[in-house]
Amino acid sequence: MNILGIETSCDDTGVAIVKDGFHIVDSLLSSQDHSITGGVVPDIASRKHMEVLPLFTCEIIRRNKDIKIDKVAVVVNPGLIPSLLVGASFSYGFATGIKVPIINMNHLLSHIYAPQMQNPSIKYPHISLLVSGGHTQIVKVLSPIKTEIIGTTLDDAAGEAFDKVARMFNLGYPGGPVVSRIAENGDENRINFPRAMDKKNNYNFSFSGLKTSVLYFIKENKDNVSKEDILASFQYAVVDILVRKTIMVARDLHCNTITISGGVAANKRLREEFLKYNDFEYYFPTIDLCSDNAITVAGLAYHYE
């Protein structure tokens, strides 16, 4: 079964064809540049999707003209409403035109599916940490399409915290990669930033207080502590609580397999910290499948009847 996947939930335009849930036939992805505005502006993002999506779809069909598309899968939630509307409207029209069924997809489930897609032997149930610019969740994965949320952020997502702290130093957008790069040259133990909700049997997260703590520290100590040390300490505060809470959930629920997905899953320090707990089996997606993409959308859609 060949499924055409379409992703426009935020500011990445993705189109892909995946066969039988695991084999990538072809893929195109365009990431927008929002460095001037310091973040994604929904109306601007949606207009860019309108420009790119038809071109990408025509190109991928042209390149694979001998392949029959059996279904179309499109992300319809969650995400930026203007961007989602572009993807959904185009996909419904396209699916109607070629007379194939359409599958409405959940953006978060497609992220969680990334490690499973690349490692079909992963056992169920397992624990998944989904950590991105818009979402931070610990999830019990019962099957590719069935999950149970165990913990979630009560305010900001971890990725959003990276973006906001990067903005404090005028480092551009997105903030995660540049913060991680600068932090490599800093002392992560120099500043003990707070770990919110760091209590036993509490599986939720909170990052708004950490952002505020970094902001006030910069105002009071900008001439005494290096940018590298501040960013390294901030990054470690995020990584530390993400890892320890995920490990706590895995132990409490007696799961020895953990998957990590979403944009922040590409963070090198996060991967290193997890591997310190060597009594678990970890699965990280490749870097290209950490960010928003249509490959995992099309792959996951195969598991729906």
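The values are calculated or read from the model by the stated rules, or taken from the named source; none is laboratory data. Predicted model only: the values in this text are computed from it and were never measured. Positions of Cβ are backbone-derived with ideal geometry, glycine not excepted, and every protein chain shown enters the neighbour counts.
Points worth noting:
- Test result for Asn192, outside the structural domain of Ser31 (by TED's automatic domain parsing) and loosely packed, with under 12 Cβ neighbours inside 10 Å: yes
- Answer from Leu28, Leu4, Leu109, Leu84 - the residue that is at pLDDT 95 or above and out of contact with any helix residue (DSSP H, G or I) (no Cβ under 8 Å at 6 or more places or on another chain): Leu84
- Test result for Glu7, of a type in the set (D, E, K, R), under 19 Å from Tyr92 (Cα atoms) and crowded, with 17+ Cβ neighbours inside 10 Å: yes
- The set of residues in region 103-118 being free of Cβ contacts under 8 Å to residues at least 40 places away in the same chain and either closer than 22 Å to Lys140 by Cβ or touching a Pro at 6+ places or on another chain (Cβ under 9 Å) (or both) consists of Asn106, Leu108.
- Region 1-44 - residue that is in a loop (DSSP other than H, G, I, E, B) and among the polar types (S, T, N, Q) and, of those, farthest from Ile61 (Cα to Cα): Thr37
- Residue in region 63-72 that is more than 18 Å from the chain's Cα centre (by Cα) and part of a helix (DSSP H, G or I) present: yes
- Condition met for Lys48 (surrounded by fewer than 18 Cβ atoms within 10 Å (Cβ to Cβ) and in the same structural domain as Asn106 (by TED's automatic domain parsing)): no
- Checking Asn104, Asn185 one by one, the residue that is surrounded by fewer than 17 Cβ atoms within 10 Å (Cβ to Cβ), among the polar types (S, T, N, Q), at pLDDT 95 or above and in the same structural domain as Lys68 (by TED's automatic domain parsing) is Asn104 and no other.
- Selection status of Ile127, at pLDDT 95 or above, in a loop (DSSP other than H, G, I, E, B) and aliphatic (A, V, I, L, M): no
- Ser91 being touching a residue at least 12 places away in the same chain (Cβ under 8 Å), under 16 Å from Ala298 (Cβ atoms) and in the same structural domain as Ala16 (by TED's automatic domain parsing): yes
- Qualifying position, being in contact (Cβ under 8 Å) with a residue 24 or more places away in the chain, in contact with a Phe, Trp or Tyr (Cβ under 7 Å, 6 or more places away or on another chain) and either surrounded by fewer than 23 Cβ atoms within 10 Å (Cβ to Cβ) or not in a loop (DSSP other than H, G, I, E, B) (or both), among Ala250, Ala232: Ala250
- Set Val100, Val52, Val75: member being in contact (Cβ under 8 Å) with a residue 12 or more places away in the chain and touching a His at 6+ places or on another chain (Cβ under 7 Å): Val75
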